[in-house]
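Have a look at the structure below, then the notes.
The values are calculated or read from the model by the stated rules, or taken from the named source; none is laboratory data. Here the structure is a predicted model, which means the values were calculated and not measured. No Cβ is skipped: glycine too gets one built from the backbone with ideal geometry, and neighbour counts run over all protein chains shown.
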Ligand SMILES: [Mg+2]
């Protein structure tokens, strides 16, 4: 079965975007998303009050609430979902890691999900070093239950879905400026270069993953990301690495 109503934002094995964004993002969804992030009480706190409590100031209109005390001094690691951490299919596949029932127009579809090799180890390793944000162009009705099952180490702090993406020339772009975090402290890992079109300097390139059991991409990224968590400016760090040929420009 094909991807009903563009539920999942994926690329094909030849790198083509399978479902482009032909409509403006809906506003309702992001409101719902923000509702889970902000409490009304916190919204009402003044910057001065937050300062007294040594809390980060609220950035008006940001997709994320201020960095929590538990993440003070840490950088933000933005992770894509599909073909970066998992690969999902509406076609039955042998030995899926998860099967997610998703109701669309009164019909329940099964989504078969495969986890990328070493994804559990990767997430567990990154948890202590970063504030982790999953930022996916897929719909929450699919991605939310996937993340409930994927985040076994409970390291994902925030989840952002399609509604949080910016529509630019038919692409779902993940505009890091809107997160409410400093760009020098924000890293994005995404298999689709169009996702980080606005901020290639913040991107760690990542190969699309479908089913290769010998894939080591996530495990290979662990040491470089640990090193990155200690630098002053991730953009400078990434630029140097890309110049050295340690990372490939895409
Ligand atoms: Mg992807």
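Here is how the numbers come out for the structure above:
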quantity	calculated
Selected residue (only one of 10, 20 is within 27 Å of residue 193 (Cα to Cα) and at pLDDT below 60)	20
Residue within segment 156-179 that is assigned to a loop (DSSP other than H, G, I, E, B), on the phi > 0 side of the Ramachandran plot, surrounded by fewer than 19 Cβ atoms within 10 Å (Cβ to Cβ) and modelled with pLDDT under 95 present	yes
Identity of the residue in segment 185-202, closer than 21 Å to residue 233 by Cβ and not in a helix (DSSP H, G or I), that ends up nearest to the ligand (Cβ to nearest atom)	190
Strands (runs of 3 or more DSSP E) (entirely within segment 29-139) containing at least 2 residues that are within 16 Å of the ligand (Cβ to nearest atom) and modelled with pLDDT of 95 or more	75-79, 86-89, 107-115, 130-135
Number of positions in segment 203-231 that are more than 16 Å from the ligand (Cβ to nearest atom) and part of a helix (DSSP H, G or I)	9
Inter-residue pairs, beta-carbon under 6 Å, first over 17 Å from residue 120 (Cβ atoms) and in segment 201-223, second within 15 Å of the ligand (Cβ to nearest atom) and part of a helix (DSSP H, G or I), 6+ apart	203/196; 207/217
Complete set of residues in segment 120-156 that are out of contact with any strand residue (DSSP E or B) (no Cβ under 7 Å at 6 or more places or on another chain) and within 21 Å of residue 212 (Cβ to Cβ)	120, 121, 122, 123, 125
